[in-house]
Structure formats: C-alpha cells, structure tokens
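Here's the structure we're looking at; comments come further down.
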Amino acid sequence: MGNEQVPLLEVRNIKKDFFGNQVLSDINFTLKEGEVLGFCGENGAGKSTLMKILFGMDVIRETGGYEGDILINGEKMNFSTPFDAIHAGIGMVHQEFSLIPGFTATENILLNREPRKGNIVAEIFGDRLTTLNYKEMKEKADAAIKKMGVEISADMVINQMPVGHKQFTEIARELSKDELKLLILDEPTAVLTEKEAEALLDSIRGMSRRGIAVIFITHRLHEILSVCDKVVVMRDGLVVKDIPAKDTSVPEITRWMVGRNVDNEAAKEEPVKKKGEAKVIMSIQKLWVDMPGETVRNVSLDVEEGEILGIGGLAGQGKLGIPNGIMGLYEAGGKVIFDGKEIPLNNPRKCLDASLAFVSEDRRGVGLLLDESLEWNVAFPAMQIQNKFLKKYLGGLVQWRDEQAIRQVTEKYIDELQIKCMGSKQSAKELSGGNQQKVCLAKAFALEPKFLFVSEPTRGIDVGAKALVLNALKKFNRESGVTVVMISSELEELRQTCDRIAIVSGGRIAGILPAAQPSEEFGLLMVSQVR
Amino acid sequence: MNKNKVSTKPSRSIGELLRDNSVPLMFILICAVCIPLSGFSPSYLLDEIITRMGRNVFLILSLLIPIMAGMGLNFGMTLGAMAGEIGLILASDWQIVGIPGMVLAMIISIPISMFLGFVCGTILNMAKGREMVTSYIISYFINGIYQLVVLYLMGSIIPIIHNSIKLPRGYGIRNTVSLLEMRQKLDNLIPLTIGGVKIPVATFIVIGLLCVFIIWFSKTKLGQDMRAVGQDMQVAKDAGINVEKTRIISIIISTVLAGFGMVIYLQNMGNLATYSAHSQIGMFCIAALLVGGASVDKASIGNVFLGVILFHLMFIVAPTAGAKITGDSMIGEYFRVFVSYAVITVALVMYETKKRKAKSRAGEQLAADQAAEEELSEEQ
Amino acid sequence: MENKKKKRMILFRILTVLALIAIAGVMFIIGRGHTVYFDSKAVTYEGTTVEAPYKIEVYVKGERVAKLYEGERGMAGWMGQNFNMELEITAEKGGDSVRQAVSMTLPYNMDGIILNIPALLKGLPEQAYLSEFIPAAVEEEATEEVITDEFGITDEPGGGAEEPAP
Amino acid sequence: MNENTLEKRTFKERAKEALKDFGLPRLIITGFLLLLFILAPFVGADLPTQITNTINRFSWNAVMVLAMVPMVHSGCGLNFGLPLGIISGLLGATLSLQFGFTGPLSFLMAIIISTPFAVVLGSFYGWLLNKIKGGEMMIATYVGFSSVSFMCMMWLLLPYNKPDMVWGMAGKGLRTTISLEGYYSQVLASFLQINIGNLSIPVGALLFFALLAFLMWAFLHTKTGTAMTAVGSNPTFAKAAGINVDKVRMISVIMSTWLGACGILVYEQGFGFIQLYMAPFYMALPAVSAILIGGASVNKASITNVIIGTFLFQGIVTMTPTVMNNMIHMDMSEVIRIIVSNGMILYALTRRTEGAK
C-alpha cells in the first residue's frame, strides 16, 4: 500500500459563503485510499455545498469561489469545472438521475466516452464522425458492472428499468472511468428497495477493497454504521464530529446532527389550550400526494382549532406534499374533513371557498405574479374568491375592479408587515426575497382565512425578515384565532413557533410531539423511516 | 441478490398499438376507399408512386436528422430548398446541363445551405422549447430574403447572362425557369422499365446511398451525441457534450441535404417555379413523414418510404375520387390539401397530449400502492 | 499531438473544398450545354455557292432530331464540346440516301450554334458553316406553362383575386 | 437642487429603460416609417393621400389585431389560429347576404350570425388548446390551416344559391371574391366621414374600433378580465388562487375568435369584397406581427400595443410601395413586408419570456 502518510483526499479549512451568508466554516477531514466515509447532517447543514466544491461545480465559481485547500495525493487541486474533478479521479453520483432515458445501460455508462473506430470521413470533419465501437463498449460496460458487483442488464433501455437499476447504472458509469479514485454517492439508497440497498452496500465494500475511496451521504444512519470506516457529522456549516464508525451509534449521530445549545431555544409560551380540549378542525385521512420529489403516502393527521402545528422532516420526505396536495396543486387522493365538511381534493377553488389559505414554498413559481404590481398580488385571490375589492354595476352584471380599495388594503399590509418597496404599484419581481415572502403572507391574510398553510416561510430570506415573518404568523394565530400549519425544514424554527410538531419521514407521519421535546427526539423521528 | 428484477418490458395492448399507428391506418383506409372510386389502373398507380418516390424521398430523408437531435420537425428545410434553387438558377444561366448541371447546382447550394443552416440553428438555440414554430417562421423570413435576392438582386447585382430567365424589366428571375435540358436526366441515367413501369434506377441508387449514410451517421459519435441531446439536453451537457453546437450541426446537415433533395426533385419536374416551388415543399414533406407513422420525436427511414407511398397514393386518387363522389373536381383538390394539414395537426396534438399523459400515470400508481399496502396490513 | 491532428484535419478540409471546386470546374467543361441548329440552305462563301440537297435527316445519339428539306431548320440540344451526329443525305427526290458521320468541336462560349449542313459537307472553313444563334429580343412574358407537383393550392376556381393579405 | 438632480437621473434611467423595453427592431421600424413620411413629399407622393391610405388601412385591420389581445393575456400565446375566427366571420357574411339582407343591416346581421359560429368554433379551439398547453402556437397555426382548407370544400358544397354570390355557370359553389356593393361596403367608413381636400378620415370605422377597444379595456378591468391577466402572467398562481385556468383560457379563445370574426367583417366593409377559399390562409401573420411591432410580447399585450402596432405596420405597408417606386423605381414593398413582419415575429419568439411561458 502506497504512502500511508499522504492521504488520498485532504480537505483543509474550507470556507464558503453565499453573498455574505456563511454556509461552511473551517471544514477539515482526510480520506485514505479505499476508505469509506459516511457523511451525515440535516438538510442545510452544508453537505451538498461541500460536495459541490469537491466536484468543482459551476455554481461555486459563479458565487465567488471558496476559501481553503483541497489536496489529492498531497497535491493542491483547483477545479474550475466538474471535468477537472473527473480528470483528477473524482466521480459523483447525484441525487437526481443524470441518464438519457432512451439509451441502454451500456450507452449511458459510456456516455460521451464511447470507444470509437476511425474512418476517412473523420479525418475531414473531425473526431465526431468516428463510428462507435459497439463491441468494445459492451466489454467496458460489462467490466464496470462486474466491478460494481450488482447484476444489471447492460442492454436494457433506461426508461424500462426499475429505479434501482437506474441508480446502479449511474454508479457503473462512474466505475467505468479508469482514473476513478474517489466516488461521492449522494443519497444513493433513497430510491432503492431494501434488497437493492443491501446490494449497493455490498458493492461499496467491494469498491473499498479495490482501493477506491467512497464518500457516502445518506440519512439512513444504520447503513453508515454497517459500511463506513469513518463518520463525519455536519451541522450549521461545521464539522461537529469526525469519528470512526465502530465507536458510535445511531442515537449518538442523531444527537450530533440536530443538537443545539439549550439556551438557544425560545422559551415556550404555555399552549393556549391543553391537548384534547380543542376541537379538531381539520382531519386528514389516508392522504396520498403525487408531488415529484415530495411524495406523500397514507398520511392521517388531525389539526386542532387555534393551534400552530408544525410539520418538519428532511427534504424529499414528503412534508411539502401535504399542503400542496390538500390545496389541490398536485394530484392527491384520500379524505380531508375541514370543520365537519369533507373538502374535495384536486380542486383549489373548493379549499379556498372553505376559508383555507396557502402560502406556497415556491414563491416565484406559485406564490407571486412576478410581472404584476403588489396591489394585484395582494388583492387577487381575495377578489376572485370572496368578491372583495369589486364595484358592481348594472345590477351585478359588471364587476369592476375597485382600484382604490385594492390600494388601501395593499398599503395596510405594506405598513403592517413592513414590506420594503417603492409603493404599492411596484412589480413583485423587483422586491427582495424576504419582502416577496411578506407579500405572499399579505395575500393570504387578505383572504382572512380560518385556516392557513404556510410552507417554508423562511426559505432563502435573511435573519431580520425571518423573525418578522414568524412573528407576523404568531400574531395572526394568536390575535385572529386562525389555525396555522407551518411546514419547515428548520426544526428550531418550528420549535420556536409551533405548539405541536409532526415529523414526516418516508412520506408518512413518523410521530407528533409537543414543541418542547428535546431536539434529539425529533431527530430520531426524522431518520426513522427514511427511504 | 437480484430477485426483484422486474420485467418491465411494456406489453403493448392492441388499443395502444392502434393509437400509435392511427395516422397510417387512417390513410390506408382513405386510400382503400378512394382507389376503387378513382378507377385508376394498378400499373398507372404503381408508375406514379415510383416516380413520386424518386422525386420526394431524398427531401423527406433530410428531415430525419433534426428529429434525432430532438429539434422536432424541421420546417426550416425550406431554407435548403431555396439554396438548391439558387444553385439551379445559376447552373441554368451558365448553361451547364444534364447531370453535370445538377452536380454543379448541388455544389453551389452547399455553402448557401451551410450558412442558412447555421443561422437557423443559432436562432433555434435561442428559442429552445418552441423550435417548430420558430423554424416555421424562419422559413417565411428567409423566403423574404430569397425573394429580395432572386427578384431584385439577380440581374442587377448578381450577373445573369441570359434574357430567357430574366424578367423583361431587366432584373429579377422569371416565374418559371425551364430545366428542360436537365429534365429527368438522373432518373433516365440507367434506363429500366419493368412491365411498363419506368424505374428511375439512378435516383434510387442516390437515395439508397443517403439511407446508408443516415444509418452510418447514427452510429457515429456525432449521431450518438445527437440522440443524447435530443432526449435530454441537460444530461448531455453534464456529460460534456456541446449541446448548442450539436444542435446547429444537425440543422446544417438537414439543410444541406434538403438542398440536394430539391435539385433531385426539380430535375424530375423539369422546370422551376421560382417563387413557389419551395414554399409548400416543407409542409408536404412533413405531412408525408407523419403519414408514414413518424412523430415529432421519433422517425425512421421506414416511416419515410411508407409515408411517401400512402401520402402520394392519397394525392393521386383524391381528386378523381372526389369528383366521382361530389361531381366537382375541385373538391378532391381541396380535400387532399385539407388532409395534409389535418395530418400535421393531428400528429402535433397527439405528440403534445402524449407528453402530458405520462404525468397522470404516477398518481394512479401511488393510489394503487397504497391500496395494496392497506390490504396487506389488514391481512396481518 | 492534438495540434498535429488538427493541422492534418484542416489540410484535409482544404483538400475537400478544393476537390469540390475542381469537380465544379470539371462540370463547367463537360456539362456546357449548347443548342445546335441545323440549316439546310444554299450558301455562298467567297464566290463558291453550295446548293442544299433535297433532304437531310439528322441523327444525334441515334435519334432522329430533324428531317430537313431545302431551306428548313432543325435543332438539337448537346452537352459538351465534342459534337457527333449522323447525317442521312438524299440528294435528289427519289434518289438513294447516303449516311455520313460528322464530328466536330463546338465553341465553348456560344449557347446557340447554327450549322449550315451543305457548307459543312462541302468542307468549307468554319466561318462558312458555323455562326452564332442570337435569339430575337424576348417577347413580353409569354404565357408560360407552369408544371407543378400538383401541390399548387393557390390555383382557385377561376383564379381568384390575388390581393396580398395586408 | 439636490432633489432636482436625483429626478434627472431617474428620468434618464427611466428613458433608458423605456428604450430597452421598446427594443431595437421596433425603433428601426418607427424610424423607417418616419423616414418614409419625411421622404414622401420630396419624391412627389401626396402626403394627405398617403395619410388617408394609412388611416384607412388602419381602420380595416385594427380589429383583427385587437383579436390577438385576449389570447396573449391568458397565456395562450400569439393567435396563429386567427383564420378560425375569420371563417366564422365569413360564414356570417355569406349567410347574411344569402338571407337577403342589404345595406347597413347586412353588416349588423353578419356580426350577429357569425357570433354563434365564433362561439362554437372558439370553444372547440379552446378545448384543443387546453389539451396541449405549452405547444399552442404551432398547433394553432395548423388548426388555422386545416380549417381554411376544410372550408374550401364547404364553400363549394354548401347550398348557397344567391346569383351574385355563386359561380354564374354552375349556379352553385361560392365565388372566390364577392362584391359587397349594395351590401355593407364602406358602411362604417362612410358614416360621419370627414373630408378635407385630399385627406379623408373614416370616422365611423375608427369609432367602431374604438368601441371594441373600449369594451376590451373595460373587460380587462373586471373580475374575469383580471383573472385572465393573472392566468397569462402565472398559471400556477392563478390555479392556487382557485381560478379555473382552463375555463379562463377557453373564454379568451372564444373572445379572440369572435373578434377575429368582427375583424374580417370590418376589413371586408373597407375593402369592399368578401374573399373566400385560400384568402384567410395567411391573414394571421400580419396581425401577429402588427401587435408585436406595437410592443407586445408572447405573453403581454395592451390596447396601446394594438393601436401603435397597427399604425406602424399599415403605415409601412401603404407608404413603402409609393415612396420606393417614386424613388428607385423598384417596388420592393412586398419583400420588405415579408421580411419586416416575419422578422418581428422571430424576434419575439427568441426573447426569453419571464415567469411562465
């Protein structure tokens, strides 16, 4: 075995900020040849950013680069594109499949690296007119599949494959690269069945024996323990723990992942009502939602009148699917009873008529009319659903927009929510993220709903705006008695704001706990059913 | 280890098969009704079909490569047709006749086609997602430029020697340019007549060579890249393929081939309708291809041949059949025009709805999964 | 290495372009089309007068393209400069005909060439039997017959008003 | 003082922004038209006649351009399927004549009769466009083409029998062009017409357009109109706000179709003839490019865009032939029209549209 002193990969003092927002600070770790490193941490802990830096992704350079050094075999590297990283022997399997659907596994494994045969035409028009050498392609693909140790058919077309095989195809593609020394797997088991996942773990062990180092990112902590030599836990942009896998356990890792200083927690107010006293205002039964990347399976959940219920969980586990499904934005099935009446699914209008309102996590896509004025954004749903801000002529035949009333209500909310803008006529796309979020809230408040879904209200906005938004929500709940369901990836934020928190994992409700419970409890729920 | 190897080969139901091939089937039906009504003899029909195949197949084949690269039906093939026409106008002004004249016209068309194809490809790269409507408008736009060149610049700036092809006013090309000395020179190069049916052997050889080229091309690295780009631009880009350039090349190849195709088409016609020959050619080629069972994202050489046969069979028999049914000869004329447009409309609609149908399936799957799961838990 | 390959490719490309230009050039030579007119007229050249025979039949590529009695004119298209024809000459009415092959080089820069057959047969010099055909000033836009692929959808019953869409 | 400079700067910025919004091609076209107007007297063209012509053609075409607005507003893109509306109008026109209406009444009846056709065809068209969201423009084009060629058969087959409409010899099958003399030729234009020397203004026709434009403007200020704009601006937002997106789009398509029907009738009253068969084939393109020249984009359009665009487009169409002819003795107007109008559409198609398509 080569030089024990020089590790294959060494990461030194990596720092990265996105426009002043520090996401990584002082990351250090090393990785030896053939070592398997488990990487865990909550969403937003900085794992993905770190991997993007390692893989030389464009987004890093576009946002001002990073500080610190990456050393491979003791040599300092500076990747300007992923191709540099590939050249240096780093391979990465992303969470989203990067496969051509109509190609066979072989064609995908060797995409843009096909072995070729020269011919006369290629001499004139360049290399791209050389013909593919199918025989050699097949050999190479088979070799890569063999290296992986999982049987997949090299001739099968991708879009006829089960999901797991697609994942294996991606891995085989990385393995087919001769220069591969380090393989990064970003949540590879998320889409696999248990058996497939087991096969994958086997193949990781195989790679390790061949001297390929693996960085393995997953939320299935037991997998980490079973396959990794070393575990690195990240939280809030810091490496909080770097420990041999054999010296730790799942509960311990969970604690490191979610643990925070106790004094950071907001002192909880007493819940307005005790559990059991309040009436159930919304009852969700056996809900499924087909929201890509946020699938919900068989969720049943009761929401009590006047509470703030938090829904938390890791990204991609389905917490966002719940409000989007109920509000009819994605196809859903099951039963939702609100205030004693069943609300038909897949029909946004019916939900809004029943005095439900929704602040979407996708501000730009769903939440706002970017090209229109703030007035329109704030008043539109209330106008359409409740016939507010309309003047009637000809006995109600003509329903004329009441510009004055619209301006008044918009200005009221601009004041109340401290929206920073040049006036109520400014177009929504010119505002900053935080202010856009406030406009979304104003839009929902203008509907004067009985029940409000708020999805990721603080995503991508700065600290000041965060506090303002959360306070506005609390105030809205306490003063108007509106039931609020808040969905957020940030557990602490939920714990500060909500009365109860439901944790979604693997598309299902893993458990509901009072907000005052310690973070670790929530952490355990989060990873309980990850799939 | 691999027990859950799912057999996912979709067993296509008969209904699906029918739906996927509804356009060709519809045409077979139309032809089956119209042929007896028209009263044409089989040998006449066969002769006509063979002639029209020789005339059109090359042009239609030029559409295949952009489809491979995921750019849809290339309405911009008209650009190549215009380049071919310019080549022919110049060759006939220089009095280069016969097969040498055709070869010369093709060589002249190459740089023009390449330039136009490059322009077209570049514009299409700026309008990703609506390539078809854009290429369609490009064909109109370049038609304006073509008219400017041929109607005003030729004879005034571009020297034109012979008065016989010039407009009487001294510049601009006449509405018709005679290609009498080129007429069917390629078709008749290797004369062959079987049972009264004349077969343009040399033209078929040229077409055959193009087919071989297309098959060979799809096996080259560039062809592979085009298929990759056509299916998923992002993935192709991540794998290091230069997506924009690949797309431009596909349009350039298509345009150059369309230029050659137009020369072959016009040598069969024997004259050139200077301002209208190209204007409909794109639409009829596309209609023929779609009739052959191709779709916006998938087309093969087989589709081309089947399409030419069915589409032109309809074209030949419709007027007489229409006249027999309604007593008005124009009805049939309009009918076949209508059918050509309707075919494209139907094919486009089917393509768009298919794209959306795939989405709703996922939901059904989830509901089924859940039901199965519940059954399981009840049993336990 | 890369560079060398690139250089070679550029060289090959230049060669291809040159080859295409060369082919085009060859086409110019072998593809030049001429219209050859045959006159069967009496002609007087430097004092010698040549009478036209009773009848001349002209065969080009084995096909009879003209049958000329005295004073008549026929025509044929020809590609290239090496012109070959066969003449079947009947001197007197009812007399025997003589078949004779004639080869000649056509001048490159003439589109239309008039050959005076009697002068040619007599062996007079080129000025005597060969002259350029200059078409009369083109008449106003003759009604030209447009043969289309039956795709003409603009031909409406009775030919409608073609007011362009504004 | 300080405030003053601040204002100046913002004014400059605003001017810059306005210029950017205006777009280079639009600037060139406006400049070109201005140049034509300036050149006209020098090359011996009579300016009042030219202006009269431009205004006349404006009054013929403006309604058809207005027909673009609803569909652009609801996000259905440019209405390349305008021929469908035109066909409704033609059915109304021919039936009105067939039923024996004459004079101004025939115009009114033509509009009334074409309305149910516009609603039925528009509903079908809207239904189709709702099924193929995202690919509207290409399919709209071909729906237009198919319907025109389908109607070519119908014009021959439908049992019209009024002698001045059908072919003289056969006694059936509609003629290619039908004169409107004695029917509604110039009914709007001659109403309240103002004549000053060579200058004449078809006030009635302009008023009719103004009325429709006002109704359009008013509609966009109602609840449904607001919903329509929101659907075009961001369909997901509208869906989340409980709007039935498909229904709103359907309404917009029906409106566009009906306006297309009115548009062709107004065009006919100015032109003096009904044109059948392949005539409606390419009528969508000039209307599309006119509204784009007026400053609209694939998903934004206003009444102002319609007025400016129609004026610029028709100005160029009427001015170029005379000015060019007098200047260089070459009538290149047709070619210029093709290049300008299609170039404008291309420009609009290659712009990246913000937000939803």
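Taking N as the number of residues in segment B:156-216, what value does Rg over Cα atoms divided by 2.2 N^0.38 Å take?
So the Cα radius of gyration is 1.74 times the expected 2.2 N^0.38 Å.
Efficiency by 1/(1 + (r/R0)^6): what FRET value for D:L105 and D:A15, r their Cβ-Cβ distance, R0 = 56 Å, to the nearest 0.05?
Computed FRET efficiency for D:L105 and D:A15 comes out at 0.65.
In degrees, nearest 10, range 0 to 90: what is the angle between the Cα axis of helix B:131-147 and the longest Cα principal axis of chain B?
10
Starting with the highest mean, order B:274-284, A:284-294, B:331-341 by the number of other Cβ atoms within 10 Å, averaged over the residues of each peptide.
B:331-341, B:274-284, A:284-294
Using the Cα centre of chain A as origin and beta-carbon charges of +1 (Lys, Arg) and -1 (Asp, Glu), tell me which of A:P82, A:N346, A:G460 is placed farthest towards the positive end of the dipole.
Farthest towards the positive end: A:N346.
Take the alpha-carbon positions of the protein assembly as shown, form their convex hull, and give its projected area averaged over all directions (one quarter of the hull surface) in nm².
69.0
Would you give the gap between the C-alpha center of segment A:308-373 and the C-alpha center of segment A:418-484, rounded to a whole Å?
16
Over 25 Å between C-alpha atoms is what I'm after, so list which of B:K128/B:K245; A:K135/C:K7; A:K138/C:K5; B:K237/C:K7 land there.
In this structure, A:K135/C:K7; A:K138/C:K5; B:K237/C:K7 lie more than 25 Å apart at Cα.
Only Cα pairs under 8 Å and at least 6 apart count here; give the relative contact order of chain B as a rounded whole percent.
29
I'd like the distance separating the alpha-carbon centroids of segment C:1-77 and segment D:75-124, in whole Å.
61
Quick one: of A:K286/B:K298; A:K388/A:K475; A:K443/D:K300; A:K420/D:K133; A:K388/D:K12; A:K341/A:K412, which pairs are farther than 30 Å apart, Cα to Cα?
Table pairs above 30 Å Cα-Cα are A:K286/B:K298; A:K420/D:K133; A:K388/D:K12; A:K341/A:K412.
Beyond 38 Å, what share of the Cα-Cα pairs of segment B:38-350 remains, rounded to the nearest whole percent?
14
With +1 on each Lys and Arg Cβ and -1 on each Asp and Glu Cβ, how big is the dipole of chain B about its Cα centre, in debye rounded to the nearest 20?
740
By per-residue mean of other Cβ atoms within 10 Å, what is the highest-first order of C:5-13, D:258-266?
The peptides rank, most packed first, as D:258-266, C:5-13.
Quick check: the angle from helix A:134-148's long axis to the longest principal axis of chain A, C-alpha only, nearest 10 degrees?
Result, in degrees: 70.
Against the longest alpha carbon principal axis of chain A, how many degrees, from 0 to 90 and to the nearest 10, is the axis of helix A:519-528 turned?
60
Could you name the aspartates and glutamates in cross-link range of A:K450, using Cα to Cα under 17 Å and dropping any fewer than eight places away on the same chain?
A:K450 reaches A:D302, A:E304, A:E305, A:E307, A:D339, A:E342, A:D353, A:E479.
In the structure displayed, which of A:K279/D:K247; A:K52/A:K177; A:K146/B:K354; A:K147/A:K230; A:K47/A:K177; B:K324/B:K355 lie more than 30 Å apart, Cα to Cα? Mind showing how you got there, number by number?
Values: A:K279/D:K247 38 Å; A:K52/A:K177 20 Å; A:K146/B:K354 37 Å; A:K147/A:K230 23 Å; A:K47/A:K177 24 Å; B:K324/B:K355 41 Å.
Listed pairs above 30 Å: A:K279/D:K247; A:K146/B:K354; B:K324/B:K355.
Can you sort B:E181, B:E85, B:E244, C:E132 so the residue with the fewest Cβ neighbours within 10 Å comes first?
C:E132, B:E244, B:E181, B:E85
Go through D:315-322, A:437-444 and give me the packing order, highest mean Cβ count within 10 Å leading.
Result, highest mean first: A:437-444, D:315-322.
Let me know the mean shielding of D:282-289 by other chains, meaning the per-residue number of their Cβ atoms within 10 Å of its Cβ.
Counting Cβ atoms of other protein chains within 10 Å of each residue's Cβ and averaging gives 2.
What average number of partner chain Cβ atoms lie no more than 10 Å from the Cβ of the residues making up B:87-93? Intermediate values should be presented prior to the final figure.
Details: counts 0, 0, 0, 0, 5, 1, 0.
Neighbouring Cβ atoms belonging to other protein chains average 1 per residue here.
Got the relative contact order for chain A handy, in percent, Cα pairs under 8 Å and 6 or more residues apart? Kindly include the intermediate steps, with their values, before the conclusion.
Details: 1074 pairs, mean separation 73.8, N = 531.
Rounded, it is 14 percent for chain A.
Give me the inter-chain shielding for D:108-118: mean count of other chain Cβ atoms within 10 Å, whole number please.
That works out to 0 on average.
Taking the Cα centre of the protein assembly as shown as the origin and placing charges on Cβ (Lys, Arg +1; Asp, Glu -1), which of A:L309, A:Q386, D:I86 is farthest toward the positive end of the dipole?
Selected residue: A:L309.
About its Cα centre, how strong a charge dipole does chain A have in debye, to the nearest 20, once Lys and Arg get +1 and Asp and Glu get -1 at the Cβ?
That gives chain A a dipole magnitude of about 960 debye.
If you take every DSSP beta bridge fully contained in the protein assembly as shown, what fraction is antiparallel? Give it as a percent rounded to 5.
So the antiparallel bridges amount to about 70 percent of the total.
Cross-link candidates for B:K166: which lysines have Cα within less than 30 Å, leaving aside residues fewer than 8 places away along the same chain?
Answer for B:K166, where 30 Å is the Cα cut-off: B:K185, listed by chain and number.
Over segment C:33-132, how many pairs of lysines fall under 17 Å by alpha carbon, counting only those 8 or more apart in sequence or from different chains?
Value for segment C:33-132: 8.
Here, each number is a calculation from the coordinates, and none is a lab measurement. Just so you know, these numbers come straight off a predicted model, no measurement behind them. So basically every Cβ, Gly included, is an ideal-geometry build from the backbone, and we count neighbours across all protein chains shown.
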